[in-house]
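The values are calculated or read from the model by the stated rules, or taken from the named source; none is laboratory data. Just so we're clear, the structure is a prediction, and the values are computed from it rather than from any experiment. For neighbour counting, all protein chains shown are included, and Cβ atoms are generated from backbone atoms with ideal geometry for every residue, glycine included. Accessible surface is based on the protein model in full, side chains and every heavy atom, while ligands, DNA and RNA are left aside. Shrake-Rupley method; radii C 1.70, N 1.55, O 1.52, S 1.80 Å.
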Amino acid sequence: MRSLIGFPAVVNEKAARAVAAMVVLVTAVALATGWLWLSAVLAVGFALRVASGPRVDPFGQLATKVLAPRLGAARMVSGAPKRFAQGVGLAFTTAATVAWVLGTPVVTIGLLAVLLGFAALEAFVGFCAGCFVFGQLMRVGLVSDDTCVECADITLRRREPAAA
């Protein structure tokens, strides 16, 4: 059971982006169809990923086992900022679900629209807003520098060669 709990110290950024693309897809379906109950499905997925990374989450499994390997060599990044970002997603989808249950679909739609925008940035541009906020929290001292050494010192990040 212990091997199922806990977020990995490093994660494949390509898998994280694939998960974000799946979040975009489900969120877009929810918004386009009015199936706002999908916010609860998204919240469960975020909760599973916060608790255990991709180990028990269907999106995480599909991303790590099927999608990311087809996107080329893995690009490993620190797990702590990605876990924080998953936590932000959990907060948004939980709030959206609560708003849906309380009968305020406008709030649910607004929260899901924000989620859609940030998940799309991660999936298609490679900008993780949660990771950015995590770095800023480290910069101002609200998160310890030793939580993510790579985050604290950007020069430690490995650069990928530009594609020709």
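Here are some notes:
- None of Ala91, Ala95, Ala43, Ala47 is under 17 Å from the mean Cα position of the chain (by Cα) and under 15 Å from Phe7 (Cβ atoms) except Ala47.
- Ala95 open to solvent by less than 60 Å² (accessible area, probe 1.4 Å), out of contact with any Ser or Thr (no Cβ under 8 Å at 6 or more places or on another chain) and without any contact (Cβ under 8 Å) to a residue 24 or more places away in the chain: yes
- Contact map, region 117-143: residues that are in a helix (DSSP H, G or I) paired with residues that are among the small types (Gly, Ala, Ser), Cβ distance under 6 Å, separation 6+ or inter-chain. Pairs shown: Phe118/Ala129; Ala119/Ala20; Glu122/Ala20; Ala123/Ala20; Ala123/Ala21; Gly130/Ala85; Cys131/Ala85; Met138/Ala152.
- When residues of region 1-49 are limited to those that are among the β-branched types (Val, Ile, Thr) and farther than 27 Å from Gly103 by Cα, the one surrounded by the fewest Cβ atoms within 10 Å (Cβ to Cβ): Ile5
- Scanning region 68-77 turns up one or more residues that are out of contact with any Gly (no Cβ under 9 Å at 6 or more places or on another chain), open to solvent by less than 30 Å² (accessible area, probe 1.4 Å) and over 21 Å from Leu25 (Cβ atoms).
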